[in-house]
Amino acid sequence: MDVKRFLPLGGIAAVAAVLFAIAVLGGNTPDNDASGAQVSAYYDAHGAREIAAAFLLAASAPLLVIFGASLAGALWPTEVARPPISELVLLAGSALAAGAFVMVGLLTFALVDIPAKSGADALQALNVLDNDAWVAFNSGLGVMMLGAGGSLLARMRLYRRLGWVALALGIALFIPVVDFVALLLTGVWILVTSVMLFRERAEDRYAVAPRMASS
């Protein structure tokens, strides 16, 4: 069995893990203006569920990196001696996004662990950081999508539409208001790309498509 063929499915697993952790296990977490007592009461009541969400978010990190590495490897041109910038940006972005999800998992775990060990101010500060952590993972995913878009558009034939979508989403992830829609669509893009890489053994398909001269 060719194990490498299944590595792109890490994208599907990463999206599923993040969605389940945030949408199902995360529940209705306290807002930024919640008091320390409200934050403490929520995490006391939902501690087990939030810890499970924290570990799922952490588990999504290697899955996302595996997906990013699989895509970069599929697009990496064998005829180019030096590492292509776009593929390096793709790899760096997947690592940044993975680190952001680990950070969110850490903050969530700390919110469950800290109520009996610290005061209201510390709880409020952690809660604000947890709620505002979207800035970190939006930025990481934005870098990843810009790299993916550049890599795909450097190809003259294969999946250029997918590249344009990735580039547009990468830009939108840095724009306030539209970044939330871009985040949801990025999840869809990862799912679609994961399936395409898995079904078509992208390492072989992309290898035959020449890159543009500017790459």
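The values are calculated or read from the model by the stated rules, or taken from the named source; none is laboratory data. Not measured: the values here are computed from a predicted model. Counting neighbours? That spans all protein chains shown, and the Cβs are built from the backbone with ideal geometry, glycine included. Just the protein is used for accessible areas: all its heavy atoms, side chains included, with ligands, DNA and RNA removed. Shrake-Rupley method; radii C 1.70, N 1.55, O 1.52, S 1.80 Å.
Close Cβ contacts (under 7 Å, 6 or more residues apart or on different chains) running from residues in segment 161-175 that are assigned to a helix (DSSP H, G or I) to residues that are open to solvent by less than 30 Å² (accessible area, probe 1.4 Å) and among the charged types (D, E, K, R) comprise Ala172/Asp179. The condition (being over 30 Å from Thr29 (Cβ atoms), open to solvent by 20 Å² or more (accessible area, probe 1.4 Å) and modelled with pLDDT of 90 or more) is satisfied by just one residue among Val178, Val128, Val208, Val195: Val195. Across segment 22-50, the number of residues qualifying as touching a residue at least 40 places away in the same chain (Cβ under 8 Å), in a helix (DSSP H, G or I) and of a type outside the set (S, T, N, Q) comes to 7. Which of the residues belonging to segment 127-160 are in contact (Cβ under 8 Å) with a residue 40 or more places away in the chain, in a helix (DSSP H, G or I) and closer than 19 Å to Gly36 by Cβ? Residues satisfying the conditions are Asn127, Val128, Asp130, Asn131. Considering (1) out of contact with any Phe, Trp or Tyr (no Cβ under 9 Å at 6 or more places or on another chain); (2) open to solvent by 70 Å² or more (accessible area, probe 1.4 Å), the lone condition that Met103 does not fulfil carries the number (1).
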